[in-house]
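Worksheet: the structure to be examined is printed underneath.
The values are calculated or read from the model by the stated rules, or taken from the named source; none is laboratory data. Small disclaimer: the values here were computed from a predicted structure and weren't measured. Cβ placement follows ideal geometry from the backbone for every residue including glycine, while neighbour counts extend to all protein chains displayed.
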Amino acid sequence: MEIAPGMVVTSKKPHPCGSREWLLLRVGADVKLRCVVCGREVWTTRVKFEKMIKGIKE
Ligand SMILES: [Zn+2]
């Protein structure tokens, strides 16, 4: 999956706030995401990220 900062991705499971959309902030061995609705920022590993993501929102 080709990903870059600034892309919005959708996750398989919704965040507790109800949103499935995440803005990519940092991409590398670890990935930093910001929930589009509540603004919560989380770090995850690239492997976990690829498992939790359903697709890229155009
Ligand atoms: Zn949220």
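If we keep just the residues of the range 13-46 that are outside any strand (DSSP E or B) and more than 15 Å from the ligand (Cβ to nearest atom), which is farthest from Glu58 (Cα to Cα)? Quick ask: steps written out before the conclusion?
Start the filter on the range 13-46 by keeping residues that are outside any strand (DSSP E or B), which leaves 13-20, 28-29, 36-40, 46.
Then keep just the ones that are more than 15 Å from the ligand (Cβ to nearest atom); that gives 28-29, 46.
Working: Gly28: 21, Ala29: 24, Arg46: 21 Å.
Ranking the candidates gives Ala29 first.
Counting only residues that are away from the ligand (no atom under 15 Å from the Cβ) and of a type outside the set (Gly, Ala, Ser), which one in the range 1-11 is modelled with the lowest pLDDT? Before you say what the answer is, go through the steps one by one.
First pass over the range 1-11, keeping only residues away from the ligand (no atom under 15 Å from the Cβ): 1-7.
Still in the running and of a type outside the set (Gly, Ala, Ser): 1-3, 5, 7.
On the way: Met1: 74, Glu2: 85, Ile3: 91, Pro5: 97, Met7: 96.
Of everything passing the filter in the range 1-11, Met1 is modelled with the lowest pLDDT.
Here's the yes/no breakdown for (1) surrounded by 11 or more Cβ atoms within 10 Å (Cβ to Cβ); (2) touching a residue at least 24 places away in the same chain (Cβ under 8 Å); (3) touching a Phe, Trp or Tyr at 6+ places or on another chain (Cβ under 8 Å):
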residue: Gly6; (1), (2), (3): no, no, no
residue: Lys13; (1), (2), (3): no, yes, no
residue: Pro16; (1), (2), (3): no, no, no
residue: Val42; (1), (2), (3): yes, no, no
residue: Lys48; (1), (2), (3): yes, no, no
residue: Met52; (1), (2), (3): yes, yes, no
residue: Ile56; (1), (2), (3): yes, yes, no
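Sort through Glu41, Glu50 and tell me the only one that's farther than 18 Å from Met1 by Cα and among the acidic types (Asp, Glu).
Glu41
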